[in-house]
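The values are calculated or read from the model by the stated rules, or taken from the named source; none is laboratory data. This one's a predicted model, so the numbers in the text were calculated from it and none came from an experiment. Virtual Cβ from ideal backbone geometry, glycine too; neighbours counted across all protein chains shown. These accessible areas exclude ligands, DNA and RNA; they are computed on the full protein's heavy atoms, side chains included. Shrake-Rupley method; radii C 1.70, N 1.55, O 1.52, S 1.80 Å.
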Amino acid sequence: MTLSSLTDRLTAAGRKLLVASAFLASIGPAHAETSAPDARVEIQETNIERQNKAIVRKAFEKWRAGGSVFAELLAPDVVWTIHGSGPVAGTYRSLQDFVERASAPLVSRLTTPVLPEVHDIMADGDMVIIRFDGTATTTSGAPYRNQFVWIFRMKDGSVVEAEAFLDLVAYQQVVENNEPRAQ
């Protein structure tokens with residue numbers, strides 16, 4: 001290879017590198033401009049997540065202190081799904097339906113309220129995930145213990161959709177083996 005052909009090849013390679021650098025430099029600012037709105041959206045989502053987590057955390061603290069929280073936390077038309085198999089598994093299409101068919105059969109067979117011990121509250125956009133244990137005493141004096149994962153979809157500070165994962169065998173044993181309290 002002659003010196004002049006090597007020089008020609010290096011000059012051509014240098015030109016290609018210069019063109020590529022100019023191209024990358026020109027798309028850099030365009031990319032930066034399109035990233036800025038995404039950053040603002042993330043900040044808004046973070047604010048929603050913080051707000052929803054705070055609402056749920058406050059409700060669980062009130063519940064732990066002995067207060068009733070479902071009426072103020074759940075939208076009247078909440079859609080609540082209990083996953084699994086068993087008589088209580090299914091979808092409930094209002095707060096009243098959920099309380100009457102899912103909550104009351106258990107709660108009526110407890111002498112103490114379920115006491116939640118929250119392990120995690122996580123949020124992603126309008127979704128809030130709560131992992132907690134619940135304990136109570138049944139009407140026969142036996143302990144009730146369960147582990148829960150609830151997934152809420154929030155809208156305007158209320159739960160509009162909920163999914164519940166829990167030990168349905170433990171739930172059903174309380175319902176089947178304990179008499180309801182006199183009303």
Mind checking which of LEU106, TRP80, PRO116 is farthest towards the positive end of the stretch 80-150's charge dipole, using Cβ charges of +1 (Lys, Arg) and -1 (Asp, Glu) about the Cα centre?
LEU106
So what is the relative contact order for the stretch 140-183, in percent, with contacts set as C-alpha pairs under 8 Å and at least six apart?
37
Dipole magnitude of the stretch 44-183, debye to nearest 20 (Cβ charges: Lys/Arg +1, Asp/Glu -1, about Cα centre):
320
Extension gain, VAL149 back to SER94 (0.36 nm per residue minus Cα-Cα distance, nm):
17.8 nm
If you take the beta carbon distance between VAL118 and ASN177 as r and set R0 to 45 Å, what does 1/(1 + (r/R0)^6) give as a FRET efficiency, to the nearest 0.05?
0.95
Computed accessible area, TRP150, all protein chains, 1.4 angstrom probe, square angstrom:
20
List THR135, THR81, THR111, ordered by accessible area with a 1.4 Å probe, largest first
THR111, THR135, THR81
If each residue of separation counts as 0.36 nm, what is the full-extension length gain between ALA54 and THR81 once their alpha-carbon separation is subtracted?
7.4 nm
Rounded to the nearest 10 Å², what accessible area does GLU117 have for a 1.4 Å probe in the complete protein model?
100
Low-density loop cleavage sites - trypsin sites (Lys or Arg not before Pro) in the stretch 39-111, where at most 13 other Cβ are within 10 Å (DSSP):
ARG93
Mind ranking ASP77, ASP156 by accessible surface for me, highest first, 1.4 Å probe?
ASP156, ASP77
